[in-house]
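The values are calculated or read from the model by the stated rules, or taken from the named source; none is laboratory data. What you are looking at is a predicted structure, and each value in this text was computed from that prediction instead of being measured. As a convention, Cβ positions derive from the backbone with ideal geometry for all residues, glycine included, and neighbour counts pool all protein chains shown.
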Amino acid sequence: MSSPTAETSSMTTGKPSASSDLVTSQGRTTIADAVVRKIAGVSAREVSGVHKLGTGGARAMGALRERIPGSSGPNVSQGVTVEVGERQAAIDLDIVVEYGVSIVDVAASIRRNVITSLQRMTGLEVTEVNVSVDDIYIPGDDQQEPSEPPRVQ
Amino acid sequence: MTALPTVPDPDALVAATLACPHVASMSGGLLGEVATYLPGRRVRGIRTRPDGVEVHVIGVFGPSVTEIVSQVRAAVEPLVRGTELTVHVDDLAADLDDPTTKGARSA
């Protein structure tokens, strides 16, 4: 099981290593919630068709925080709630999708990407990924972009 | 451990489909929603569902839809390995400036 060939083949087929790797007779490996939240957040955001993560309130707070000088920029784990046990993890995601995508297919793709990333990086078995679509993004209703050219050169 | 089902490579399906002479291009549907949503990009015209694979194409003007579909099916079927394959012809590319399509139309 620990031979290098077995390791490579399990990586290429996308099959995760055994979850018992985290709990061994020589000691336990624990993974903090924040780690799982970040991995899930980044891998969900990567999927094409996902505009943003987070519920309405969290997005508003995030937009405010990003404007504060010296803040650490966008929070990657916004919109992600996790429950992590010794061997397993369950993920809840709040997302905003882009207009014109198939939500069913995007959700399936998020699930696949989040599960693959988490199982490869942490070895935790992902029991479920619940995706809740909070809003839909329509291009052009972004208030961030200035519509008028600057008055001074 | 949750074992994810293996899915056919959407890029390989697109390459095989576009190699068919009766296919003008892939079709994304009305809104461009028919796609495989991958991290960072999407592959137009291929939809992979647990119950099968859908291939959406825009055919060339001339051959019958049956001919287009059977050509795509022959090219793609070996790649999906047993899963149900549905081929949709969403549109026909009728290029009126192209003499070959004009000829096909009058024939």
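Just to be sure, is residue B:23 farther than 22 Å from residue A:116 by Cβ and crowded, with 17+ Cβ neighbours inside 10 Å?
yes
What number of residues within the stretch B:35-55 are touching a residue at least 40 places away in the same chain (Cβ under 8 Å) and of a type in the set (A, V, I, L, M)?
2
How many residues, within the stretch B:61-80, are surrounded by 12 or more Cβ atoms within 10 Å (Cβ to Cβ) and of a type in the set (Gly, Ala, Ser)?
Final tally of qualifying residues: 3.
Check every one of the strands (runs of 3 or more DSSP E) wholly within the stretch B:23-84 and list those with 3 or more residues that are hydrophobic (A, V, I, L, M, F, W, C) and modelled with pLDDT of 90 or more.
Here the list reads B:23-26, B:52-60.
Residues in the stretch A:55-76: is at least one in contact with an Asp or Glu (Cβ under 9 Å, 6 or more places away or on another chain), at pLDDT 90 or above, farther than 23 Å from residue A:22 by Cα and more than 13 Å from chain B (Cβ to nearest Cβ)?
no
Just to confirm my filter: which strands (runs of 3 or more DSSP E) fall fully inside the stretch A:20-102 and include at least 3 residues that are in contact with a helix residue (DSSP H, G or I) (Cβ under 7 Å, 6 or more places away or on another chain) and over 23 Å from residue B:36 (Cα atoms)?
Filter on the stretch A:20-102 gives A:80-84.
Give me the residue from the stretch A:109-118 that is within 16 Å of residue B:7 (Cβ to Cβ) and either modelled with pLDDT of 95 or more or surrounded by 19 or more Cβ atoms within 10 Å (Cβ to Cβ) (or both) and, out of that set, nearest to the other protein chains (Cβ to nearest Cβ).
A:109
Take the stretch B:6-42 and flag every residue that is farther than 23 Å from residue B:94 by Cα and more than 9 Å from every other protein chain (Cβ to nearest Cβ).
Across the stretch B:6-42, the qualifying residues are B:8, B:9, B:10, B:11, B:12, B:13.
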